[in-house]
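The values are calculated or read from the model by the stated rules, or taken from the named source; none is laboratory data. This structure is a prediction, so every number in the text was calculated from the model and none was measured. Glycine also receives a Cβ, built like all others from the backbone with ideal geometry; neighbour counts cover every protein chain displayed.
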Amino acid sequence: MYDHDAPKVAVKAQDKVQSPWQALALPLAGAALVLGLSVLSTKAQEVGEDGLIRASGISTFGELAYGPDATHLDYVNPDAPRGGELSFAWSSGSFDSMHPYSRIGRAAVMSSVFFESLLVGTADEIGSAYCLLCEEFAYPEDRAYVIFTLRDEVRFSDGTPMTAQDVLFSYEILRDEGLPSFRANIPNTIESAEVIDDRTIRFNFNPDAPLRDRIQSAGGLPVFSQASHEASGLAFEDSRLEPLVGSAPYVLGEVDPGRRTVFVRDDDYWGEDLWLTQGRHNYDSIRIEYYGDSLAAFEGFTAGNYTFRQESSSQAWANNYDFPALNDGTVIREELPDGTIASGQAFMINLRNPQFQDVRVRSAIAHMFNFEWSNETLFYGLYSPIVSFWENTWMEAEGLPSEAELEILEPLRDMLPETVFTQEAYAVPLSNPDRALDRRQSRRATALLQEAGWTAGDDGMLRNADGETLDVEFLNSSPLFDRIINPYVENLRAIGVNASLSRVDNAQLQQRQRDADFDMITDHFPMGYEPGSGLRQYFGSIGADESLFNVPGLADEGIDALIEIVVNSETREELDVAVTALDRVLRDRVIRVGQWYNPNHWVAYYDMYRYPENLPPYSLGFLDFWWIDPEAEQALRDQGAF
């Protein structure tokens with residue numbers, strides 16, 4: 001989810017294999033294409049007589065946590081009771097589609113919940129994936145191809161068996177007709193695919209694709225029923241309220257466009273007895289209520305219209321949780337640790353626009369956002385700043401480049417700014433927390449703008465040599481976010497920037513973002529611990545015009561070269577150094593103004609939800625492995641709590 005105090009949009013897939021339960025919002029464009037991928041693990045694998053390595057799980061670096069004898073994931077309660085309804089709210093726009101893999105229409109939250117993939121990750125490991133739809137996979141040592149064998153018992157939710165033809169169909173239609181990020185990136189890794197028999201499919205990899213970026217790229221693709229698509233009579237890109245048929249534990253129970261969706265557990269789910277599914281999928285149904293804004297959504301929670309809330313506003317968390325149901329213990333309020341990388345939430349700068357071509361202009365704009373004042377005044381001191389693209393990890397760049405970094409950067413020196421080598425990793429100096437306008441930052445920003453050719457006119461507004469003002473429009477759809485943007489706008493105007501805030505509805509915001517019709521907008525760069533080919537979508541020139549993820553439109557040959565070094569890293573040590581070097585250069589280009597993150601999940605829920613004693617570090621998991629205590633639920637119903 002979006003971290004905190006920001007307008008929410010669709011969640012983007014992380015650089016690891018995800019189950020549908022590890023993300024709330026959609027579309028999950030290119031989910032399989034942003035995975036940091038694998039090398040051989042020493043567990044759950046063997047070499048067959050044909051010389052192929054056969055495995056049921058794979059890990060990028062090191063060993064898998066779970067071997068062939070695993071009976072359940074360590075962080076679940078395999079004896080959790082089943083039943084009840086999880087309900088939560090969504091207040092960031094409406095929906096008119098249940099098809100998350102098309103740009104037409106706005107897909108509902110969780111509309112990828114119907115689909116599974118051949119491989120799936122866990123919430124307590126980095127870079128590991130295990131067979132879900134497949135029973136095993138085989139590949140040669142050079143990883144020129146991989147052969148997946150489907151489990152014999154796999155069925156779609158309509159009862160029809162899944163075949164290798166369905167897997168092939170899903171791959172081909174995503175490659176040819178899916179979201180631009182699929183169409184642009186699948187061929188980079190997968191050259192072709194062929195059905196061997198009903199249960200077996202072979203993916204042949206592009207010889208130029210990095211070894212680390214192969215097997216899970218194929219294994220992470222969603223699989224849907226070819227027959228259900230053909231029976232719909234629609235083109236794949238068409239919006240639809242009747243979803244394609246998948247094989248996952250939940251199916252669509254109710255859809256009321258713009259108001260409500262209900263997903264119900266499939267009692268005939270094929271994977272009920274798998275070790276991977278024990279202690280999971282515990283709710284009979286999952287209901288999502290849509291609200292016009294977050295204030296109305298909060299009121300709905302206090303009234304019992306829904307029963308689980310993940311808070312995203314520091315103001316609300318500090319001030320609003322004082323109502324009868326909380327005070328009498330009906331509602332529980334908790335902070336639970338979040339071990340994931342900071343979300344990468346930021347004000348994105350549209351590099352396609354002429355006024356932002358000079359990095360000094362972008363740096364000046366960054367200097368005028370006073371995080372320290374915002375945190376103390378608006379956020380109750382609850383947040384930390386986002387400086388690095390890998391914030392809160394060992395991979396963030398610090399100081400001057402290390403010797404190991406220089407070994408990577410020196411051969412690219414002609415492509416990189418000199419500041420990468422001569423200055424410490426870019427970070428805006430700390431601002432004065434006691435006042436919104438920091439005069440030292442104002443002087444620094446003004447000097448940068450003057451160097452870039454912007455001078456003050458008689459009216460105090462900065463102009464370039466052609467007499468044009470330096471226009472910066474912040475595009476926003478959330479009234480609650482005005483309190484954060486308005487002081488930023490005032491700071492910019494104080495130094496002569498023609499800054500403004502334009503509030504639009506969520507549909508307009510999404511369309512203008514898709515059309516690259518904006519100056520600055522809030523979005524995310526969600527990075528992973530083992531970044532791979534998905535970096536091309538977020539930062540590569542290949543994604544500047546096509547990818548939904550490259551919001552700023554970054555196209556830089558030095559960064560392209562660094563991305564390939566990251567993608568081709570073969571050891572953990574090589575990867576860490578390459579990512580640090582990439583982080584250093586990305587920060588030097590000032591493509592965004594970092595916002596903030598919170599190391600905790602803020603949750604409030606009616607006192608019937610339960611969770612395992614030891615939560616995993618990489619997922620809160622309330623959709624996945626929490627459960628409802630039936631006696632507590634009945635007691636709440638008896639007292640009329642909801």
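Could you please give the count of residues in region 584-613 that are of a type in the set (D, E, K, R) and in contact with an Asp or Glu (Cβ under 6 Å, 6 or more places away or on another chain)?
Looking only at that region, the number is 1.
Any chance region 582-598 includes a residue that's within 19 Å of the chain's Cα centre (by Cα) and without any contact (Cβ under 8 Å) to a residue 60 or more places away in the chain?
Going through region 582-598, the residues within 19 Å of the chain's Cα centre (by Cα) turn out to be 583, 586, 591-598.
Next cut, without any contact (Cβ under 8 Å) to a residue 60 or more places away in the chain only: none.
Checking region 582-598: not a single residue is within 19 Å of the chain's Cα centre (by Cα) and without any contact (Cβ under 8 Å) to a residue 60 or more places away in the chain.
Considering A366, A342, which residue is in a loop (DSSP other than H, G, I, E, B), touching a residue at least 24 places away in the same chain (Cβ under 8 Å) and among the small types (G, A, S)?
From the options A366, A342, the qualifying one is A342.
Output the residues belonging to region 308-358 that are on the phi > 0 side of the Ramachandran plot and buried (at least 18 other Cβ atoms within 10 Å of the Cβ).
G344 - this is the single residue of region 308-358 that is on the phi > 0 side of the Ramachandran plot and buried (at least 18 other Cβ atoms within 10 Å of the Cβ).
Write out, first by first residue and then by second, each pair whose Cβ atoms fall under 6 Å of each other, whose residues are 6+ apart or on separate chains, and whose first residue, in region 427-440, is assigned by TED's automatic domain parsing to the domain that holds I485 and in contact (Cβ under 8 Å) with a residue 40 or more places away in the chain while the second is acidic (D, E) and assigned to a loop (DSSP other than H, G, I, E, B).
From region 427-440, the pairs are S431/D438; N432/D438.
Take T149 and decide whether it is touching a Ser or Thr at 6+ places or on another chain (Cβ under 6 Å) and either free of Cβ contacts under 8 Å to residues at least 60 places away in the same chain or under 21 Å from Y269 (Cβ atoms) (or both).
Details: touching a Ser or Thr at 6+ places or on another chain (Cβ under 6 Å): yes; either free of Cβ contacts under 8 Å to residues at least 60 places away in the same chain or under 21 Å from Y269 (Cβ atoms) (or both): yes.
For T149, the condition - touching a Ser or Thr at 6+ places or on another chain (Cβ under 6 Å) and either free of Cβ contacts under 8 Å to residues at least 60 places away in the same chain or under 21 Å from Y269 (Cβ atoms) (or both) - is met.
Being of a type outside the set (G, A, S) and more than 22 Å from C131 (Cα to Cα) narrows it down to one of E177, E172, so name that one.
E177
Give I201, I215 a once-over and let me know the one that is more than 26 Å from the chain's Cα centre (by Cα), within 20 Å of V120 (Cβ to Cβ) and not assigned by TED's automatic domain parsing to the domain that holds V567.
Details: I215 fails: more than 26 Å from the chain's Cα centre (by Cα).
The conditions single out I201.
Suppose we filter region 325-337 for residues that are in contact (Cβ under 8 Å) with a residue 12 or more places away in the chain and over 16 Å from E311 (Cα atoms); how many remain?
3
Here is a list: S533, S500. Which entry is of a type in the set (S, T, N, Q) and touching a strand residue (DSSP E or B) at 6+ places or on another chain (Cβ under 6 Å)?
S500
State the number of residues belonging to region 411-438 that are of a type in the set (A, V, I, L, M, F, W, C) and under 18 Å from G558 (Cβ atoms).
Looking only at region 411-438, we keep the residues that are of a type in the set (A, V, I, L, M, F, W, C), and these are 412, 415-416, 420-421, 425, 427-428, 430, 436-437.
The next check asks that each one be under 18 Å from G558 (Cβ atoms); those that pass are 412, 415-416, 420-421, 425.
The total comes to 6.
Does region 298-321 hold any residues that are free of Cβ contacts under 8 Å to residues at least 40 places away in the same chain, in a loop (DSSP other than H, G, I, E, B) and of a type outside the set (S, T, N, Q), and which are they?
Once the filter is applied, which keeps residues that are free of Cβ contacts under 8 Å to residues at least 40 places away in the same chain, in a loop (DSSP other than H, G, I, E, B) and of a type outside the set (S, T, N, Q), region 298-321 yields only A303.
Is there any pair with a first residue in region 481-507 that is assigned by TED's automatic domain parsing to the domain that holds D517 and a second that is surrounded by fewer than 21 Cβ atoms within 10 Å (Cβ to Cβ) and of a type in the set (D, E) whose Cβ atoms are under 6 Å apart and which are 6 or more apart or on different chains, and what are they?
Listed by first residue and then by second, the contacts come to N498/D471; S500/E473; S502/E473.
Only one of these conditions is not met by A494: (1) more than 30 Å from Q510 (Cβ to Cβ); (2) surrounded by 18 or more Cβ atoms within 10 Å (Cβ to Cβ). Which number is it?
Answer for A494: the failing condition is (2).
State all residues of region 73-96 that are assigned to a strand (DSSP E or B) and either in contact with a Gly (Cβ under 7 Å, 6 or more places away or on another chain) or of a type in the set (K, R) (or both); if no residue qualifies, say none.
Result: A89, single match.
So which of T455, T469 is hydroxyl-bearing (S, T, Y) and either surrounded by 16 or more Cβ atoms within 10 Å (Cβ to Cβ) or in contact (Cβ under 8 Å) with a residue 12 or more places away in the chain (or both)? If you could, list the steps in order and put the result at the bottom.
Numbers: T455 fails: either surrounded by 16 or more Cβ atoms within 10 Å (Cβ to Cβ) or in contact (Cβ under 8 Å) with a residue 12 or more places away in the chain (or both).
Only one candidate qualifies: T469.
Any chance you could count how many residues in region 533-542 are more than 13 Å from the chain's Cα centre (by Cα), within 11 Å of N188 (Cβ to Cβ) and not hydrophobic (A, V, I, L, M, F, W, C)?
Qualifying residue count, region 533-542: 3.
Quick check on my filter: what residues within region 367-408 are under 24 Å from the mean Cα position of the chain (by Cα), surrounded by fewer than 21 Cβ atoms within 10 Å (Cβ to Cβ) and among the small types (G, A, S)?
Scanning region 367-408 gives a single hit, S384.
When the residues of region 245-297 are narrowed to those that are in contact with a Gly (Cβ under 8 Å, 6 or more places away or on another chain) and part of a strand (DSSP E or B), which ends up surrounded by the most Cβ atoms within 10 Å (Cβ to Cβ)?
F263
So which helices (runs of 4 or more DSSP H) are wholly in region 519-618 and hold at least 1 residues that are buried (at least 19 other Cβ atoms within 10 Å of the Cβ) and polar (S, T, N, Q)?
Working: elements: 535-539, 557-567, 572-589.
Where helices (runs of 4 or more DSSP H) fall fully within region 519-618 and carry at least 1 residues being buried (at least 19 other Cβ atoms within 10 Å of the Cβ) and polar (S, T, N, Q), they are 535-539, 572-589.
Can you give me the number of residues within region 545-571 that are over 24 Å from I386 (Cα atoms) and out of contact with any helix residue (DSSP H, G or I) (no Cβ under 8 Å at 6 or more places or on another chain)?
Residues that pass the stated criteria total 3.
For V361, which of the numbered conditions (1) closer than 21 Å to F525 by Cα; (2) crowded, with 22+ Cβ neighbours inside 10 Å fails to hold?
(1)
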